[in-house]
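For reference, the structure discussed in these notes is given below.
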Amino acid sequence: KQEVTQIPAALSVPEGENLVLNCSFTDSAIYNLQWFRQDPGKGLTSLLLIQSSQREQTSGRLNASLDKSSGRSTLYIAASQPGDSATYLCAVQSGDDKIIFGKGTRLHILP
Amino acid sequence: NAGVTQTPKFRILKIGQSMTLQCTQDMNHNYMYWYRQDPGMGLKLIYYSVGAGITDKGEVPNGYNVSRSTTEDFPLRLELAAPSQTSVYFCASSPRGTHGYTFGSGTRLTVV
């Protein structure tokens, strides 16, 4: 059974710092891994999607990496801004077509 | 370009009542999903569908039913609502497993 873990559960950093969010999964047989952002009381916004054959994806200040063999992904946020404050969710899709989510990391950027 | 549309956005139910949460997508996606999100618990898969006429149980299907008569629509039915079903419900769709997912804006349900 696929399990997805995100560490840390919460993180506060001063504005301008670079930061890394971590995601680990137990079954390396995945189709893809996706990072989402969720603002309080809102839905999920897709940030980056990494296919199983890829090692990383970049969008603006965001960079996501994938190491299937070790069951890990990281989301790197460069030059953090207060607007980056949100919950970041990692989701993995495995061969049975189900998407399994981690519990998320609550990020707070201090002005 | 509506994407995934969920209705209603908010609903209060009394214990024992029934209701249907609506989800429709206009992207011709084959795959559709229903999740519930409880505080601090992440998202749990309730039911999913890989195409019209096909549905499968997820992690937490008890107390819910779904149908998929068309590609566009994937309603979630709650029978005999219970306080434990108080949650935020999200519907999502995907063209296929490797193409990522689009989420609706959610339905906040309270059972009292």
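Bear in mind these aren't lab numbers, they're just calculated from the coordinates by the rules spelled out. Everything numeric in this text was worked out from a predicted model, so none of it was measured. Here the Cβ positions follow ideal geometry from the backbone for every residue, glycine too, while neighbour counts run over all protein chains shown.
Each Lys or Arg adds one and each Asp or Glu takes one away; over the other residues whose Cβ falls under 12 Å from the Cβ of residue B:2, this sums to -2.
Can you give the direction-averaged projected area of the convex hull of the alpha-carbon atoms in the range A:54-111, in nm²?
4.9 nm²
Residue by residue along B:43-53, Cβ atoms of other protein chains within 10 Å of the local Cβ number 2 on average. Pairs over the 19 Å Cα-Cα cut-off, from the set A:1/A:42; B:14/B:57; A:1/B:57; A:42/A:98; A:98/B:44; A:103/B:9: A:1/A:42; B:14/B:57; A:42/A:98; A:103/B:9. Whole-percent P(r), chain B, all Cα pairs, 5 Å bins from 0: 2, 13, 24, 27, 19, 10, 4, 1. Two numbers describe the Cα atoms of the range A:1-85: Rg and Dmax, which are 13.2, 39 Å. The residues neighbouring residue A:87, those whose beta-carbon lies less than 13 Å from its own, together hold a net charge of +2 under the Lys/Arg +1, Asp/Glu -1 convention. Looking at the range B:65-112, the pairs of alpha carbons with a distance over 15 Å make up 57% of the total. Over the protein assembly as shown, all Cα pairs binned in 5 Å intervals from 0 give whole-percent P(r) values of 1, 7, 15, 19, 19, 16, 12, 7, 3, 1, 0, listed from short to long.
What net charge do the residues around residue B:36 carry, taking every other residue with its C-beta under 10 Å from that of residue B:36, with Lys and Arg at +1 and Asp and Glu at -1?
Working: positive: B:44; negative: B:38, B:59.
Residues near residue B:36 contribute -1 overall.
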